[in-house]
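Trainee: There's a structure below that I have some questions on.
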Amino acid sequence: DQQVKQNSPSLSVQEGRISILNCDYTNSMFDYFLWYKKYPAEGPTFLISISSIKDKNEDGRFTVFLNKSAKHLSLHIVPSQPGDSAVYFCAASALTGNQFYFGTGTSLTVIP
Amino acid sequence: KAGVTQTPRYLIKTRGQQVTLSCSPISGHRSVSWYQQTPGQGLQFLFEYFSETQRNKGNFPGRFSGRQFSNSRSEMNVSTLELGDSALYLCASSGTVTNTEAFFGQGTRLTVV
């Protein structure tokens, strides 16, 4: 039972444009969300996080939006750069627990 | 500060054998989690250890086991290997009690033939 879902396996975007990666979750107990970026042959690296008390968090070109009522979060990358090409995983946890639930990932390709 | 180190990076085993994977967390981190990554399945949680105790366990058969040592290093063991166990096994360490952020190693690519 996949509690965190990324329904788009892949996304292609032109350099300089906005990339929007989406993630849905089913467990209302989740109150902490993260995005990870993964290059081939490397482990995932932490990108940005958001707790359920906020609906937006920004870090440079990366912004995460959380819509708790829709159980949906999204990652916006503006402007997109070729180096952003990677697989992006969203993850969720309940701070009372110690387990991250990951989505299946979205492969982003930024076209120069 | 050294990152999370996983050994070996690559492993080829035969069906029915067993395998042990190792993970050294970031210095000072007491939590170590293990994940299995297969195509189309994302990262599936195996188990998490904190101060030598298993705190949480995912939905994997008993052939998958782990342990954590007093220096926080962790090992994962898979017995009676099956072809479907071929995957990238990732270890993550966390320095906070509630694991607000996990730092991943490069993973061990296990191939079962």
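The values are calculated or read from the model by the stated rules, or taken from the named source; none is laboratory data. Since this is a predicted model, take the numbers as computed values, not measurements. Because the Cβ atoms are built from the backbone with ideal geometry, glycine has one as well, and the counts that use them run over all protein chains shown. All accessible areas refer to the heavy atoms of the entire protein, side chains included, with ligands and DNA or RNA removed. Shrake-Rupley method; radii C 1.70, N 1.55, O 1.52, S 1.80 Å.
Trainee: I want to verify the translational diffusion coefficient of chain A in µm²/s; compute it with Stokes-Einstein, Rh as the Kirkwood radius over Cα pairs, at 10 °C and 1.306 mPa s. Could the numbers behind the result be given before it?
Mentor: Details: Rh = 14.0 Å.
Once the numbers are plugged in, D ends up at 114 µm²/s.
Trainee: Please compute the per residue accessible area over chain B with all protein chains in place, 1.4 Å probe, rounded to a whole number of Å². The partial results should precede the final answer.
Mentor: Working: 5220 Å² over 113 residues.
It amounts to 46 Å² per residue over chain B.
Trainee: Over all directions, average the projected area of the Cα convex hull of the stretch A:7-66 and note it in nm². Let's see the in-between values first.
Mentor: Values: hull surface 21.1 nm².
For the stretch A:7-66, averaging the hull's shadow over all directions gives 5.3 nm².
Trainee: OK, next. For q values of 0.13, 0.22, 0.25, 0.33 Å⁻¹, compute log₁₀ I(q)/I(0) with the Debye formula on a Cα-only model of the stretch A:69-112, without solvent.
Mentor: Each listed q maps to, in turn, -0.41, -0.86, -0.96, -1.20.
Trainee: Just to confirm my numbers, what's the Cα centroid distance between the stretch B:33-86 and the stretch A:11-78 in Å?
Mentor: First find each Cα centre; the distance between them is then 26 Å.
Trainee: Please check: in the Gaussian network model of chain A (C-alpha springs, under 10 Å), which one of A:54, A:68, A:38 has the largest mean-square fluctuation.
Mentor: A:54
Trainee: Farthest toward the dipole's positive end in chain B, which of B:43, B:105, B:58, given Cβ charges of +1 (Lys, Arg) and -1 (Asp, Glu) about the Cα centre?
Mentor: B:105
Trainee: Could you list, in their original order, any pairs among A:5/A:71; A:5/A:37; A:5/A:56; A:68/B:57; A:5/A:68 whose Cα atoms are separated by more than 22 Å?
Mentor: From the list (A:5/A:71; A:5/A:37; A:5/A:56; A:68/B:57; A:5/A:68), the Cα-Cα distance tops 22 Å for A:68/B:57.
Trainee: Then there's this: For the protein assembly as shown, just list the percent of Cα-Cα distances falling in each 5 Å bin from zero outward, please.
Mentor: P(r) for the protein assembly as shown, in whole percents per bin: 1, 7, 15, 19, 19, 17, 12, 7, 3, 1, 0.
Trainee: Here's something else I'd like to know. Hey, what's the per residue convex hull volume over the C-alpha atoms of the stretch B:21-66, in cubic angstrom?
Mentor: Working: hull volume 4.1 nm³, N = 46.
So the per-residue hull volume is 90 Å³.
Trainee: Oh, and also: Along the three principal axes, how long is chain B when you take its alpha carbons, biggest first, rounded to the nearest angstrom?
Mentor: Largest to smallest, the principal-axis extents are 38, 28, 26 Å.
Trainee: Under a Cβ-Cβ cut-off of 10 Å, what is the net charge of the residues other than residue A:45 that fall near it, where Lys and Arg count +1 and Asp and Glu count -1? Write out the running numbers ahead of the final one.
Mentor: Numbers: positive: A:37, A:38; negative: A:42.
Neighbourhood net charge equals +1.
Trainee: Another one. Carbon and sulfur atoms: what percent of the 1.4 Å accessible area of the protein assembly as shown do they account for?
Mentor: Numbers: 5130 of 10420 Å².
That fraction is 49 percent.
Trainee: Calculate one ³J(HN,Hα) per residue across the stretch A:39-44 by plugging θ = phi - 60° into the Karplus curve 6.51 cos²θ - 1.76 cosθ + 1.60, and present them in order as whole Hz with x for glycine and proline.
Mentor: Using θ = phi - 60°, the values come out as 8, x, 6, 10, x, x Hz.
Trainee: Then there's this: Given the stretch B:35-101, what whole percent of its Cα pairs are spread farther than 20 Å? Provide the component values of the computation, followed by the final result.
Mentor: Details: 623 of 2211 pairs.
So the portion of pairs separated by more than 20 Å is 28 percent.
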